[in-house]
1. How about segment C:36-133: which helices (runs of 4 or more DSSP H) wholly inside it have at least 1 residues that are surrounded by 18 or more Cβ atoms within 10 Å (Cβ to Cβ) and within 16 Å of ligand 2 (Cβ to nearest atom)?
2. Right, A:ARG283: within 14 Å of chain C (Cβ to nearest Cβ) and open to solvent by 60 Å² or more (accessible area, probe 1.4 Å) or not?
3. Suppose we filter segment C:85-106 for residues that are more than 7 Å from chain A (Cβ to nearest Cβ) and either in contact with a helix residue (DSSP H, G or I) (Cβ under 6 Å, 6 or more places away or on another chain) or within 30 Å of C:LYS59 (Cβ to Cβ) (or both); how many remain?
4. Kindly evaluate B:GLY170 against the criterion of being in contact (Cβ under 8 Å) with a residue 24 or more places away in the chain, crowded, with 16+ Cβ neighbours inside 10 Å and in contact with a strand residue (DSSP E or B) (Cβ under 8 Å, 6 or more places away or on another chain).
5. Among the residues of segment A:296-305, what is the count of those that are buried (at least 20 other Cβ atoms within 10 Å of the Cβ) and part of a helix (DSSP H, G or I)?
6. Which numbered condition in (1) out of contact with any Cys (no Cβ under 8 Å at 6 or more places or on another chain); (2) within 16 Å of ligand 1 (Cβ to nearest atom) is the only one that C:MET213 fails?
7. Taking the criterion of being under 20 Å from C:LYS44 (Cβ atoms), open to solvent by 20 Å² or more (accessible area, probe 1.4 Å), touching a residue at least 40 places away in the same chain (Cβ under 8 Å) and away from every other protein chain (no Cβ under 14 Å), would at least one residue in segment C:223-232 satisfy it?
8. Could you please let me know if C:ALA207 is closer than 18 Å to C:CYS102 by Cβ, touching a Pro at 6+ places or on another chain (Cβ under 9 Å) and surrounded by 20 or more Cβ atoms within 10 Å (Cβ to Cβ)?
Amino acid sequence: MSASLAAPPRRRLRLSWSDARLRGLVWQVLILGAVALLIWYLARTTAHNLATRHIATGFAFLDHAAPIPIGETLIDYTPSVSSYGRALLIGVLNTLKISIVGCLLATVLGTLIGIGRLAPNWLLARLCGAYVEGLRDIPLLLQLLFWYGLMQTLPAPRRALHPLAGVFLSNRGLRVPALAWRPGDGWVLAAFGIALLGAFLWARHAARRRDATGRGLPLWPAALLVLGLPAMVAIALGAVPGLDRPALHGFNFQGGLLISPEYAALLIGLVVYAASYIAEIVRSGILSVSTGQWEAAQALGLRRGAVLRLVVLPQALRVVVPPMTSQYLNLVKNSSLAVAIGYQDIVSIANTTLNQTGQAIEGIALIMAVYLTISLSISLFMNWYNVRIALVER
Amino acid sequence: MSASHSSSVERAPTLALGAPLSRAAFWLRSRLFATPVSAVVSLALLYLLLRWGWDFFGWAVLHAIWQVPHDAAGLPQTGVCRAAEGVGACWAVVAEKYRFILFGFYPYAQQWRPAICVLLFIGLYAASAQQRFWRRELALIWAVALVLIGALMWGGFAGLPLVADDQWGGLPITLILATFGLAGAFPLAVLAALGRRSRGMPAVRMLCVCYIELIRGVPLISLLFMASVMFPLFLPAGVDIDKLLRAQIAFVLFAGAYLAEVVRAGLQALPKGQSEAADALGLGYWQKTMLIVLPQALRQVIPMLVNTFIGFFKDTSLVLIIGIFDLTTTGRTAIDEPAWQGFGNEIYLLLAAIYFTFCFAMSRTSARLEHLFSRGQRR
Amino acid sequence: MSEPAILMEHVQKWFGQMHVLRDISLSVETGERVVVCGPSGSGKSTMIRCINRLEEHQKGRIVVDGTELTSDVRALDTIRREVGMVFQSFNLFPHLTILQNCTLAPIRVRRMPKREAEELAMEYLRRVKIPEQAAKYPGQLSGGQQQRVAIARALCMQPKIMLFDEPTSALDPEMIKEVLDTMIGLAETGMTMVCVTHEMGFARQVANRVVFMDRGEVVESGPPAEIFANPATDRLRLFLSQILRGH
Ligand SMILES: Nc1ncnc2c1ncn2[C@@H]1O[C@H](COP(=O)(O)OP(=O)(O)OP(=O)(O)O)[C@@H](O)[C@H]1O
Ligand SMILES: [Mg+2]
């Protein structure tokens, strides 16, 4: 083809030490060789050590029954019956449970404090500033120990704090009313799903309508649909969903939803700590949008809310996404400190597993694999998002 | 505007109302009571601040217990503290335990040695924060000081009894882990950052990327576990590295990956022209890197390096989980004793104050340097 | 019509303790083109920004197109719709395309159908001679092009009054002309314009009246030929000599 004629000639490797490419090649071979040698040496000694200690390698232990008592499980688990694999899966789920809720709450709290730091009210701004400065400079582990200690000084269930009807705070954790599952609730749930879909379609229709005629449609029918349809179905079926209220039986509470002291302490600690970093990110994000943008949008007749939504936030988001990603990653990794206060996340359960089975290498490899997967997923998602919203420059 | 116009100057309307207001009143009005909403927020915050402040003052000072009596066997009688629980702080626990918290199981009579080490560390930090000390000699001073610290801690010469490192504890351990970790990680980080940016050596680049991303993708705890349970398996029988050193190695690996990214940011920020100019002068790769590229790139990221170091300093507390007696661990151990159980808050406050002092001083330094650099750049 | 497009009566403004507008009275008739000049810091920007309430005046009265500017939100909405503004630093929205920049306000504020708004925007982009850039982002345009987009964006709201705050001072000399030409073209359509600028050539060619401000006061005002030929005050004389020396 003619194209290949136009291609630059490939340089041939000269066998001379003054050729930069040859040097590069030699260096690479040397470095990689050294690393390979090191790995080979470590692997050999490790294999030898394991053999003398009669530890079998491999992941066969995942199928063995696990005598680990686990307090918080999202899926069924019976100690000494269920397998190690299942126990570890519960650990992963618990890690996800704390990470997802933590990221959401930290974002909310951090955003509020970041905006608070920019408030015209001097006292509010100063207090938010003190929050950021203070919490960042104290190790998270220490904060977790403090929160956990605080949970333990709460009164026993019999004298539980009772701030709201149905809410009990004691050293066994926080009990709140939960939605009770009754026959017919499935239909209500289905109605809710349909209503959500309907609301979504309505919103899309309204947007199209606005494009076509300039006048959008009100959004209250959508809200009415989401609230009304499930309620109507519930009434029609006579199955008004009830609340499962916690009540004291003997020494402890029954019913309702339990948030364990470990989970609560870990959540508060992670959220409060991460929020101090997120606040700074949000603040600098907002400051990065020049006042000129506000003024130009206002001069065009847009109201404050519309300016914020259409002009300022989309721009602030671009500045905020990359550092926010690393904060989310940090929060997920920091959730591993759960092991210090006895919340059974993946690190805690893997640690117990490796102590019981002696499978140290496999246990640690599992922990790392789980975190690498989570980290990679978050990074990939946020990178994709960041590319999608990137500004076009010259 | 200018004073010559003062006769024609009308007062701003906000001031013109009522009697002449002082500057303070004007300030209060514009910063705290500008709008009704702002006024409500201010009052609510002031109320909470005063109330909680007063409660805390009552707990920490007014009703606090500073000393407890000891019985015949020398054991502390903490009954008074128990009686005051929730009302007043029991600072007696601090008075009783501060030596243990600061220095751990280091022999009591020899604790002046770690104390001097702590002072040496603080002196080193303080000197390094001053720009006028940034000379070649500083590296020498660091080397000498670190050797001196090691010698003092171990002893075994000049009549100083030998103290094995499993007896060390408290603040010196925290400082050692952080400082030696940084010192070890720095060269590693520079190499990894250079490797990651090397165009001509894809295999080396991949290796560096793997190292950096692998370490940054997993929590520090998993590395510490690795150090405490896996490292012994790596070594041939008979060879044994002690726990502190293993943790230190884990820290170096960990810090190296994060610092590498900081260094890389500095390398990236350097205008391409610098490297091209060095090429044009005929400098070789290492000459170019050591003389032109690195000095500028590193200088650029000093504030970021300090911030990263603050992170490591706080992260050293994680060794609690593998049972190394750093400051956090000694603090926690202090309240394991039955007599002192339940007085965690007092101890945690003390620990928080110590960590805060170090970190706050460092973050101020970082902010100051950043300010300085950005000013220097504009010129 | 006898009622002026803009009426300012004894307007005063302070920034903290600093008195930046002292008793400004000015009226601009419909179709009139006023150029405001004066030394730096004299309050020109502040004055022009009071007209669409980007700054609030604290004393006196401002009436724009028959609506008085008060803290009333509806009055503000009305006025912002009728008054377009062009800034020294363009202030285009970098995350929106040129076309989206122009249609944002017509759709959101005037509630115009999207199609119509786009046609209108293309029309004005043609008028400022950059219809081919419609799909690009502001970051991809030159300064002069960006400023012309900013003018088109303001015009898309079909305002009765246009305010310009030093529209050419952030531009390189070769780009100034293309923006000034656009503004001259706009003046020829009979638009009411208030323009802060130091482009004296533009003032001579287009302005009905030149207003000279110094230290927060209107010192002199009159037709450009008169004002430039025989300044009545020393302050204006000094200012003119500085400007002319600068050029
Ligand atoms: N937001 C503000 N806060 C405090 N002072 C301000 C503010 N905006 C302007 N000023 C001050 O008010 C005075 C008038 O400013 P203004 O911007 O109106 O001047 P100008 O005539 O437009 O000057 P230039 O030609 O430099 O643009 C200046 O002394 C300025 O420092
Ligand atoms: Mg101005």
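The values are calculated or read from the model by the stated rules, or taken from the named source; none is laboratory data. Treat the numbers as computed from the prediction; the structure is a model and nothing was measured. A quick note on method: Cβ atoms are made from the backbone with ideal geometry, for glycine too, and the neighbour counts reach across all protein chains shown. Please note that ligands, DNA and RNA were not included when accessible areas were found on the heavy atoms of the full protein model with its side chains. Shrake-Rupley method; radii C 1.70, N 1.55, O 1.52, S 1.80 Å.
1. Output list reads C:44-51.
2. The answer is no for A:ARG283.
3. Here the count works out to 10.
4. So B:GLY170 fits the description; yes.
5. Residues that pass the stated criteria total 4.
6. Checking C:MET213 against (1) out of contact with any Cys (no Cβ under 8 Å at 6 or more places or on another chain); (2) within 16 Å of ligand 1 (Cβ to nearest atom), the one that fails is (1).
7. No.
8. It is false that C:ALA207 is closer than 18 Å to C:CYS102 by Cβ, touching a Pro at 6+ places or on another chain (Cβ under 9 Å) and surrounded by 20 or more Cβ atoms within 10 Å (Cβ to Cβ).
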